[in-house]
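The values are calculated or read from the model by the stated rules, or taken from the named source; none is laboratory data. Computed from a predicted structure; not experimentally measured. Ideal geometry is used to build each Cβ from the backbone, glycine not excepted, and the neighbour counts take in all protein chains shown.
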Amino acid sequence: MRATAVRGATALLAAGLLSLTACGSGDPDAAGGGARNAAAGAPGADIPTENVVSQIAEDRAASALLPADVRARGTVKIAASVGSPPSSTYLQDGRTLAGLDIDISDAVARKLGVRLQRQVAGFEAILPALGSGKYDVGTGNFGVTEERRKTIDFVTYINDGQGFATLDGSGPEKVTDLTELCGLTVATGAGTTFEATLEENAHRCADAGKKAYRVKTFADPATVWLGLRQGRIDVVMSTANGLRYAVRQQQGVRFLNESHRLDVGFAFAKGSRLAPAFRAAVEGLIADGSYARILKKWGVGPSAIRHSRLSPHEVE
């Protein structure tokens, strides 16, 4: 791979750390100001651009569930946390949004017969803003956790896992338990649920009589994979779908495995009257095959769900 391609691919992979946040605790994750620039620098040819949404027709039964005020204005205010594919990214022009979250939300809007007023927002800002009415709904690969369910309603559209990656010829062979990270340096995004998981379980190495793992967090995603290549980091922890997609963009980097899986969904203020309509729309996409086409485009077919659910309990 040419040096320029390696730099672009490295930026693409690094950007995913701060936006792909399906697993972990209920704390909001940091999106990071560098995510847009990193993703925008990635080769545009690596991002699929097939239009799999334009032919989707309105589902009158689903749109009938919309609150009267939303039907009257015909718009929904949606906040999008943007980081890297397959969840969300910018194309090479640095302006056009693409990704699974983008296609799914656009498809739902077509099912409901509404237009989206999409605003890009930092991951950590979206959930608190839902209660204020600034946004009607949020996307950002939000995992449905028990802590989040206390204040947020979710409509699920995919299931993702907690993943790990490292360099070829180094690091562990797999990570099925966090004690397999003992003695290693693990990188993840600053403020993410992955950081919380690592910190909460740090005692397990001492409990097992092993040397503790070290957690390095980064607000600047461009530095994570550089640190891995320089030997300052042993393992990167993020979402399985994001790491799988990103590892394909680089030589010499391998995906280890995934562990805990979690439902991911649209986020709403607690008690939002929009949630039932969104759930019906996702169900319609699943039934007519549009959902499968979107997941195929982004290479995440194994993460498909059979039915959309409203704020399901987290499965341990």
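Of the residues making up segment 306-316, none is surrounded by 16 or more Cβ atoms within 10 Å (Cβ to Cβ), closer than 27 Å to Asp46 by Cβ and either of a type outside the set (A, V, I, L, M, F, W, C) or touching a residue at least 12 places away in the same chain (Cβ under 8 Å) (or both).
Can you find a residue in segment 178-194 that is closer than 18 Å to Val282 by Cβ and at pLDDT below 95? No, segment 178-194 has no match at all. Scanning segment 276-290 for residues that are aliphatic (A, V, I, L, M) and either in contact (Cβ under 8 Å) with a residue 60 or more places away in the chain or part of a strand (DSSP E or B) (or both), we see that the one that is surrounded by the fewest Cβ atoms within 10 Å (Cβ to Cβ) is Ala280. Taking the condition hydrophobic (A, V, I, L, M, F, W, C) and more than 30 Å from Val137 (Cβ to Cβ), does Phe164 pass? It is true that Phe164 is hydrophobic (A, V, I, L, M, F, W, C) and more than 30 Å from Val137 (Cβ to Cβ).
Considering only residues in segment 162-220 that are of a type in the set (Lys, Arg) and in contact with a strand residue (DSSP E or B) (Cβ under 9 Å, 6 or more places away or on another chain), the one that is surrounded by the most Cβ atoms within 10 Å (Cβ to Cβ) turns out to be Lys216.
Being in contact (Cβ under 8 Å) with a residue 40 or more places away in the chain and more than 29 Å from Leu100 (Cβ to Cβ), is that true of even one residue in segment 144-162? Checked against the condition, which is being in contact (Cβ under 8 Å) with a residue 40 or more places away in the chain and more than 29 Å from Leu100 (Cβ to Cβ), segment 144-162 yields no hits at all.
Yes/no matrix, rows are residues, columns are (1) crowded, with 23+ Cβ neighbours inside 10 Å; (2) hydrophobic (A, V, I, L, M, F, W, C); (3) more than 24 Å from Val70 (Cα to Cα):
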residue	(1), (2), (3)
His260	no, no, yes
Ala267	yes, yes, no
Leu274	no, yes, no
Ile294	yes, yes, yes
Trp298	yes, yes, yes
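Kindly evaluate His313 against the criterion of being closer than 22 Å to Ser63 by Cβ and assigned to a loop (DSSP other than H, G, I, E, B). Criteria not met by His313.
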